[in-house]
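Okay, so here's the structure we're looking at.
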Amino acid sequence: MDAVVVGAGPTGLVAAVGLARRGHRVRLVDDDPGPVGDEQWARRGVMQFHHPHAFRPQALDVVRAEVPEVIDALLARGAEPMTMDPEAPAPVDGELPPGTGLRCRRMVVERELRRVAHREPGVTRVPARARGLVAERGRTTGVQVGDARHDADLVLVAAGRSGRVGEGLRAPEESSGCASAYVSRQYRLRPGAEPGPVTSVLGAVAMHEGYTVVVFRHDAGVFSTLIARPTSDRRLVGLRHEAAFDAAARAIPVLASWTDPARSRPITPVLPGGRLRNTYRGQLDAAGRVPLPGTVFLGDAVCTTNPIAGRGVATSLMQVERFLALLGEHGADHVATAHALDAWCDEHLRPWFLDHVATDASQAAQWAGEDVDPTRPPTSDLVVSATAADPSLMRVVGPYLGMTAPPASLVAVHPRVREIYASGWRPPVADGPTVDELAALVAGASPEPSPEPVPEPVPEPATTRA
Ligand SMILES: Cc1cc2nc3c(=O)[nH]c(=O)nc-3n(C[C@H](O)[C@H](O)[C@H](O)COP(=O)(O)OP(=O)(O)OC[C@H]3O[C@@H](n4cnc5c(N)ncnc54)[C@H](O)[C@@H]3O)c2cc1C
């Protein structure tokens, strides 16, 4: 079969190699020029590329199944195994036990995936931008790239969250804005320096009054600091300026420790994040039909969730794995494959999207000063926070956090969680500046006048189907 894959992000790269290794001829279309040496890759068009990423076990499982050599290459480059189970066995001869994720820069992971895909005999690289799909007699017959047409029996659209290929074919996207926006920066530990305080599998997490701070450990002594600020608080927009970000890093204890100039040095500018949304869009049109047989959408083109939970590459690669299995089952019947993939995503991925819609609304309300209402079913973020009051909840919350149990599994502990909040207990807040103090620091350090205060926006209703 001739296949075209549009988009060479993690989804397109793994899908292209997976198809080629099953005997198909693949053209992989993407105009990104690739890295310059080992440390530079501008990667325009993927705004999150240099923001912190962590890779869940579900993502690694697919990489292990489809491109196992990439795991060895990443470990050789200093990527660190990441497990939520402190008793998990250590890697033996570089073999990561199942259930292990990876701490590594996205750039390093994607560079290795790309290296393998470009060497794969069945994959031909087309270094250009796809202009759109070509269809004849109601089915996809290829892709238009510049003036050239690439014929194909099957087109995979893995063009990411802002890709436009195939736009308008599917039923409208369900979506909601995320409560937080990213501002981050990468650093490298100085030779011989110990990491800062480690309080989580990622590195360190601190929930402050009105914002969240995370330190992500990556590969080879590199780490990122992240301030997730409320999207509604325009006073913190100035964090994107180096002087403001540095002032914040000095004032927030966990960041001050990790970014102490004696311990580490910055290796990137401060990276502001783009607009973040939870989105879900299946394979079908509004009438429930496959709109253009022979076209399949994968990865962020189907589902995006608030990145703070680090699910995107996992949910993307899980789709790829499912798609490859369904293709094996249904062969040339691409309508059957698309329907089955759509049903699988609806059952297994959409609940995570809906969970983020609810938790983002809850987070926004808390950051706006609303108290928890213990008479209402708690959202998942409140359930997770309640483990600080009752660690025995982890029996149920742990599998949810590890994505081995769905969001609905948390219902089992709702009565206990409501009891905790009804007693007056509230999640502890980390030491450090309040959001107002942080805003004052930003105003004092930003080179531009702080924006006029704008009225708190009316929370945007989520567009989801029942
Ligand atoms: C701030 C942030 C932090 C994140 N952190 C994490 C994390 O910690 N862990 C995690 O698992 N996930 C994380 N994610 C999610 C993760 O980045 C995405 O899920 C992942 O990028 C999806 O991969 P993709 O290949 O589907 O899309 P992309 O990575 O967006 O790749 C799409 C590709 O398609 C190409 N393309 C687009 N249009 C065309 C066209 N017309 N022709 C040819 N090529 C085209 C683009 O150039 C790009 O190469 C984060 C996301 C954000 C926003």
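The values are calculated or read from the model by the stated rules, or taken from the named source; none is laboratory data. From a predicted model like this one, the values you see are computed outputs, not experimental measurements. As a convention, Cβ positions derive from the backbone with ideal geometry for all residues, glycine included, and neighbour counts pool all protein chains shown. When the accessible area is computed, the model is the full protein with side chains, heavy atoms only, and any ligands, DNA or RNA have been set aside. Shrake-Rupley method; radii C 1.70, N 1.55, O 1.52, S 1.80 Å.
In the range 205-212, the condition of being outside the structural domain of T295 (by TED's automatic domain parsing), at pLDDT below 95, buried (at least 19 other Cβ atoms within 10 Å of the Cβ) and not in a strand (DSSP E or B) is met by at least one residue. Among the residues in the range 359-370, are any open to solvent by 20 Å² or more (accessible area, probe 1.4 Å) and touching a strand residue (DSSP E or B) at 6+ places or on another chain (Cβ under 6 Å)? Yes, the range 359-370 contains a residue that is open to solvent by 20 Å² or more (accessible area, probe 1.4 Å) and touching a strand residue (DSSP E or B) at 6+ places or on another chain (Cβ under 6 Å).
Considering the range 21-44, the residues that are within 14 Å of the ligand (Cβ to nearest atom) and acidic (D, E) include one that is nearest to Y187 (Cα to Cα), namely D32. For first residues located in the range 135-160 and free of Cβ contacts under 8 Å to residues at least 40 places away in the same chain, partners that are open to solvent by less than 10 Å² (accessible area, probe 1.4 Å) and in a strand (DSSP E or B) and lie 6+ apart or on another chain with Cβ distances below 7 Å form the pairs R149/G142.
Quick check on this structure: which one of V397, V411 is under 27 Å from the mean Cα position of the chain (by Cα) and either closer than 23 Å to V254 by Cβ or outside any helix (DSSP H, G or I) (or both)? If you could, list the steps in order and put the result at the bottom.
On the way: V411 fails: either closer than 23 Å to V254 by Cβ or outside any helix (DSSP H, G or I) (or both).
Result of the check over V397, V411: V397.
Assigned to a strand (DSSP E or B), small (G, A, S) and open to solvent by 10 Å² or more (accessible area, probe 1.4 Å) - does that describe any residue in the range 21-43? Scanning the range 21-43 turns up no residue that is assigned to a strand (DSSP E or B), small (G, A, S) and open to solvent by 10 Å² or more (accessible area, probe 1.4 Å). For the structure I just gave you, tell me whether V116 is open to solvent by less than 60 Å² (accessible area, probe 1.4 Å) and either assigned to a strand (DSSP E or B) or farther than 23 Å from E39 by Cβ (or both). So V116 fails the test.
May I ask you to verify whether R56 is within 11 Å of the ligand (Cβ to nearest atom), within 27 Å of T225 (Cβ to Cβ) and modelled with pLDDT under 95? So R56 fails the test.
Residue-wise test of (1) within 14 Å of the ligand (Cβ to nearest atom); (2) under 30 Å from D2 (Cβ atoms); (3) out of contact with any Cys (no Cβ under 7 Å at 6 or more places or on another chain).
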{"residue": "H218", "(1), (2), (3)": "yes, no, no"}
{"residue": "R229", "(1), (2), (3)": "yes, no, yes"}
{"residue": "A251", "(1), (2), (3)": "no, no, yes"}
{"residue": "W258", "(1), (2), (3)": "no, no, yes"}
{"residue": "T295", "(1), (2), (3)": "yes, yes, yes"}
{"residue": "D300", "(1), (2), (3)": "yes, yes, yes"}
{"residue": "R311", "(1), (2), (3)": "yes, no, yes"}
{"residue": "L317", "(1), (2), (3)": "yes, yes, yes"}
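Taking (1) at pLDDT 95 or above; (2) touching a Leu at 6+ places or on another chain (Cβ under 8 Å); (3) farther than 30 Å from A181 by Cα in turn, R25 satisfies each apart from (2).
Scanning the range 287-330 for residues that are in a helix (DSSP H, G or I) and on the phi > 0 side of the Ramachandran plot returns a single hit, G299. Within the set A171, A243, A152, the sole residue that is at pLDDT 95 or above and open to solvent by less than 20 Å² (accessible area, probe 1.4 Å) turns out to be A152. When you look at A286, is it of a type in the set (A, V, I, L, M), farther than 28 Å from Y211 by Cα and more than 22 Å from the chain's Cα centre (by Cα), yes or no? Answer is yes for this residue. Inside the range 142-185, residues that are touching a Phe, Trp or Tyr at 6+ places or on another chain (Cβ under 8 Å), more than 14 Å from the ligand (Cβ to nearest atom) and part of a loop (DSSP other than H, G, I, E, B) make up a count of 2. Considered as a group, the residues in the range 73-103 that are open to solvent by less than 80 Å² (accessible area, probe 1.4 Å) and at positive phi include one that is modelled with the highest pLDDT, and that residue is G78. All but one of (1) in contact with a helix residue (DSSP H, G or I) (Cβ under 9 Å, 6 or more places away or on another chain); (2) within 10 Å of the ligand (Cβ to nearest atom); (3) of a type in the set (A, V, I, L, M) hold for M47, so report the exception by its number. Against the list (1) in contact with a helix residue (DSSP H, G or I) (Cβ under 9 Å, 6 or more places away or on another chain); (2) within 10 Å of the ligand (Cβ to nearest atom); (3) of a type in the set (A, V, I, L, M), M47 comes up short only on (1).
Out of curiosity, is A20 under 16 Å from V70 (Cβ atoms), within 21 Å of the chain's Cα centre (by Cα) and in the same structural domain as T315 (by TED's automatic domain parsing)? When the stated conditions are applied, A20 does not pass them. Please verify whether the range 224-243 includes one or more residues that are hydrophobic (A, V, I, L, M, F, W, C), out of contact with any Lys or Arg (no Cβ under 9 Å at 6 or more places or on another chain) and part of a helix (DSSP H, G or I). So far as the range 224-243 goes, yes, one or more of its residues are hydrophobic (A, V, I, L, M, F, W, C), out of contact with any Lys or Arg (no Cβ under 9 Å at 6 or more places or on another chain) and part of a helix (DSSP H, G or I).
For the structure I just gave you, tell me whether I267 is open to solvent by less than 30 Å² (accessible area, probe 1.4 Å), out of contact with any Ser or Thr (no Cβ under 6 Å at 6 or more places or on another chain) and in contact (Cβ under 8 Å) with a residue 40 or more places away in the chain. Here the answer is no, as I267 does not meet what is asked. Would you check which residues across the range 28-41 are hydrophobic (A, V, I, L, M, F, W, C), more than 13 Å from R111 (Cβ to Cβ) and out of contact with any Leu (no Cβ under 8 Å at 6 or more places or on another chain) and list them? Result: V29, single match. Scanning the range 1-20 for residues that are in contact with a helix residue (DSSP H, G or I) (Cβ under 7 Å, 6 or more places away or on another chain), assigned to a strand (DSSP E or B) and more than 10 Å from the ligand (Cβ to nearest atom) returns a single hit, A3.
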